[in-house]
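None of the figures in this text is laboratory data; all of them are computed from the coordinates on show. Just so we're clear, the structure is a prediction, and the values are computed from it rather than from any experiment. Glycine also receives a Cβ, built like all others from the backbone with ideal geometry; neighbour counts cover every protein chain displayed.
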Amino acid sequence: MITVITRNNAKIITNEGLRKDVEYYLNMYDRFIDEIAVSGMRIDDRDDSAARADLIEELKRLGVTVRNSAKSLVWGNISPSCLECRTGEGSVTYILSLKCNR
């Protein structure tokens with residue numbers, strides 16, 4: 001069973017060492033979210049999972065290929081590299097930058 005640990009449920013952890021580690025990473029996450037806010041972006045905390053699931057089902061009916069636990073949607077051909085790539089599985093991207101890297 002996988003449990004997402006947040007500030008709201010961290011008290012369920014009884015192991016003192018694990019609780020310290022959790023607190024460390026929760027603080028790191030909070031600092032990260034604060035930095036995003038400073039940049040002018042806002043994190044939307046609405047739960048839209050039901051609407052997203054409905055949309056994905058509709059896209060499937062229209063012929064879209066759903067991959068990677070519905071994190072990737074593909075219309076048309078997919079490159080061999082994409083077919084082989086699994087390194088990002090289970091990862092989450094929290095922030096994007098549109099700044100030119102040059």
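In this simple spin-label model, placing a label point 7 Å from the Cα along the Cα-to-Cβ direction at both Val66 and Asn9 gives a separation of 2.3 nm.
Relative contact order of segment 1-77, taken over Cα pairs closer than 8 Å and 6 or more residues apart, is 13 percent.
Lys60: which aspartates and glutamates have alpha carbons under 19 Å from its alpha carbon, excluding same-chain residues fewer than 8 sequence positions away? Output for Lys60: Asp48. Annotation: Cα Rg of segment 1-45 relative to the compact-globule expectation 2.2 N^0.38 Å equals 1.37. The 3J(HN,Hα) values that the Karplus relation (6.51, -1.76, 1.60; θ = phi - 60°) gives for segment 38-52 are, in residue order, 4, 6, x, 8, 10, 9, 8, 9, 5, 9, 10, 4, 5, 5, 5 Hz. Gly and Pro appear as x. Note that segment 5-21 has calculated 3J(HN,Hα) couplings of 8, 10, 4, 6, 10, 4, 5, 6, 7, 9, 6, 4, x, 5, 5, 5, 4 Hz, one per residue in order, obtained from phi through the Karplus relation 6.51 cos²θ - 1.76 cosθ + 1.60 (θ = phi - 60°); glycine and proline are x. Phi angles across segment 63-78 convert, under the Karplus curve 6.51 cos²θ - 1.76 cosθ + 1.60 with θ = phi - 60°, into 3J(HN,Hα) values of x, 6, 8, 9, 10, 6, 6, 6, 8, 10, 10, 10, 10, x, 6, 10 Hz, Gly and Pro given as x.
In this rough spin-label picture, where each label sits 7 Å from Cα along the Cβ direction, the Ala50-Phe32 distance is 2.9 nm.
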